[in-house]
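Notes follow once the structure below has been shown.
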Amino acid sequence: MSEPRPDGRRLRWEQHKRERRRHIIDAAIVVLEEHPAGESIHVQQIADRAGIHRTVLYRHFEDRTDLDVAVQREICRRAGDDLFAVMNLEGTPSEITHRIVDTYVRWTVAHPSLMRFVERDFGVGPTTPLEEAIQEIAERIELLINSFVAVMGVELPEADRDALDPFVFGLVGGGFQAAKRWAARGGDRPALEDFVDLLARNIWRQIVGIAAERGIEFPDVPVDQLLDLLASPDNS
């Protein structure tokens, strides 16, 4: 017996609902950006911005909390996309670290209302969207470190591989808290560039330090040059 063909009308309706839901979330983010960080916004403001009636809005979300958490997930997705775009092996390891820190701090400065909103805990589920985002960022950075270690031809012991996850998670969480504290003080003491340099150097030194304790030297040269060095006859 052949499978029933998809109902085209139902598929179009599902697509319409997804688009409408996304439109509402986008409208909520615009409203948040229009208001000072921490200021409460109302569903009616979001509905007005989306150009729909408030009752229509609630056809796409169970309640206000469902809407708020969906907005938080979208904020995390946007910030994550910017971060993931710079998580590659271009440049030296310290430059890579600086690039990631710089991208995050500048995103924080550019979107203070979104950052304040995403920090709220609406008590839904065991983790918040922000905690999930930090975990994903930590996993990406752990993968980046493992890639660099692989480029160097180093084999980490199992215990060190297991320890890498909480270590990187601590780096990411600590960097997030440092940026939050800096932004709360006005974001100009020290100046943005000086703060990024300080935070990036501190993170890089922690990585170098824990590697040195295990007899691993991280040469701060461009990764493509490192590949050439390792491939040279003198290193064979």
### Task
Could you tell me which of Gly153, Thr103, Ala28 has its Cα farthest along the dipole of the chain towards the positive end, charges placed at Cβ (Lys, Arg +1; Asp, Glu -1), taken about the Cα centre?
Ala28
### Task
Work the Kirkwood hydrodynamic radius out for the chain: mean of 1/r over every pair of different alpha-carbon atoms, inverted, in Å.
20.7 Å
#### Entry: Spatial separation of Cα centroids for the stretch 186-212 and the stretch 103-180, in angstrom
15 Å
### Task
Give the calculated FRET efficiency between Glu119 and Asp26 to the nearest 0.05, with a Förster radius of 22 Å applied to their Cβ-Cβ distance.
0.60
### Query
Using a basic spin-label model with each label point 7 Å from the Cα along Cα→Cβ, how many nm lie between His53 and Ala184?
4.4 nm
### Summary
Rounded to the angstrom and largest first, Cα extents along the principal axes for the stretch 1-101 equal 55, 52, 20
### Task
May I ask you to list, by number, the DSSP H helices of the chain whose Cα span along the axis is at least 20 Å and whose average Kyte-Doolittle hydropathy reaches -1.0 or more?
64-86, 93-110, 129-151, 158-184, 192-212
### Query
Taking the Cα-to-Cβ direction at Asp194 and at Ala150 and moving 7 Å from each Cα, how far apart do the two end points lie in nm?
4.1 nm
### Query
Give me the log10 of I(q) over I(0) for the stretch 157-236 at q = 0.27 Å⁻¹, as the Debye formula computes it from C-alpha points; what are the numbers?
-1.22
### Query
Rg to Rh for the stretch 55-165: what is it, with Cα atoms only and Rh by Kirkwood?
1.09
### Message
Given points 7 Å out from each Cα along the Cα-Cβ axis, report the Asn202 to Arg214 separation in nanometres with one decimal.
### Response
2.3 nm
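What are the GluC sites (Glu not before Pro) within the stretch 21-93 that DSSP puts in a loop, where the Cβ has at most 15 other Cβ atoms within 10 Å?
Working: sites: Glu33, Glu34, Glu39, Glu62, Glu74, Glu90; in loops: Glu39, Glu62, Glu90.
Listed in order of number, the matching sites are Glu39, Glu62, Glu90.
About the Cα centre of the stretch 69-235, what is the dipole size in debye to 20, counting +1 per Lys and Arg Cβ and -1 per Asp and Glu Cβ, all else neutral? Display every interim value, and only then the final one.
Numbers: 16 positive and 28 negative charges, 190 e Å.
Value, rounded to 20: 920 debye.
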### Query
Glu39 to Glu132: FRET efficiency via 1/(1 + (r/R0)^6), r the Cβ-Cβ distance, R0 25 Å, to the nearest 0.05?
0.50
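Read-outs throughout are calculated quantities, based only on the coordinates presented, and are distinct from any laboratory measurement. Keep in mind the model is a prediction, meaning the values are calculated, not measured. A quick note on method: Cβ atoms are made from the backbone with ideal geometry, for glycine too, and the neighbour counts reach across all protein chains shown.
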